[in-house]
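Shown next, in structure tokens, is the structure this report addresses.
The values are calculated or read from the model by the stated rules, or taken from the named source; none is laboratory data. Computed from a prediction, not measured in an experiment: that's the story for all the values here. Glycine also receives a Cβ, built like all others from the backbone with ideal geometry; neighbour counts cover every protein chain displayed.
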Amino acid sequence: MTQRRGSVEGEEPVAGTPLVNMRCFLPVGESFGFTQALRAATSGRAFPQCVFDHWEMLPGDPLEVDSKANSIVEGIRKRKGLKPGIPALDNFVDKL
């Protein structure tokens, strides 16, 4: 979880079984490929159930080069096929 900016919120053992229910928060952007990575790390013994829970502000400034927020924005823009770099505000203002 910590490799993907996740946080463990709680662990509850299931009575009478060797199972443990874990409640964790994982950013959606980091969740792609998580199921395969978790199964590989646990030899197929763990099975996640992902449900959206809440929004949370990402610390840092996306306009600051080499910040975590900037690298996430750049990765999303690359994945969507958009031009690299955050466009200036005048690209979005109507020129009437």
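Take residue 95 and tell me if it is of a type in the set (D, E, K, R) and part of a helix (DSSP H, G or I). No; evaluated as a whole, the condition is false for this residue.
Only one entry of 69, 88 meets the criterion of being free of Cβ contacts under 8 Å to residues at least 24 places away in the same chain and touching a Leu at 6+ places or on another chain (Cβ under 6 Å), and that entry is 69.
Is it the case that some residue within segment 62-77 is assigned to a loop (DSSP other than H, G, I, E, B), in contact with a Lys or Arg (Cβ under 7 Å, 6 or more places away or on another chain) and modelled with pLDDT of 85 or more? No, because not a single residue in segment 62-77 is assigned to a loop (DSSP other than H, G, I, E, B), in contact with a Lys or Arg (Cβ under 7 Å, 6 or more places away or on another chain) and modelled with pLDDT of 85 or more.
What pairs come up if the first residue lies in segment 51-62 and is closer than 23 Å to residue 23 by Cα, the second is exposed (fewer than 10 other Cβ atoms within 10 Å of the Cβ), and their beta carbons are under 8 Å apart, counting only those six or more places apart or on different chains? Listed by first residue and then by second, the contacts come to 52/28. The residues of segment 1-36 that are in contact with a helix residue (DSSP H, G or I) (Cβ under 8 Å, 6 or more places away or on another chain) and among the aliphatic types (A, V, I, L, M) amount to a single one, 26. Taking (1) in a loop (DSSP other than H, G, I, E, B); (2) surrounded by 10 or more Cβ atoms within 10 Å (Cβ to Cβ); (3) not acidic (Asp, Glu) in turn, residue 22 satisfies each apart from (1). Kindly indicate which of 47, 32 is of a type outside the set (Asp, Glu), out of contact with any strand residue (DSSP E or B) (no Cβ under 9 Å at 6 or more places or on another chain), outside any helix (DSSP H, G or I) and over 19 Å from residue 75 (Cβ atoms). That would be 47, the only listed residue that is of a type outside the set (Asp, Glu), out of contact with any strand residue (DSSP E or B) (no Cβ under 9 Å at 6 or more places or on another chain), outside any helix (DSSP H, G or I) and over 19 Å from residue 75 (Cβ atoms).
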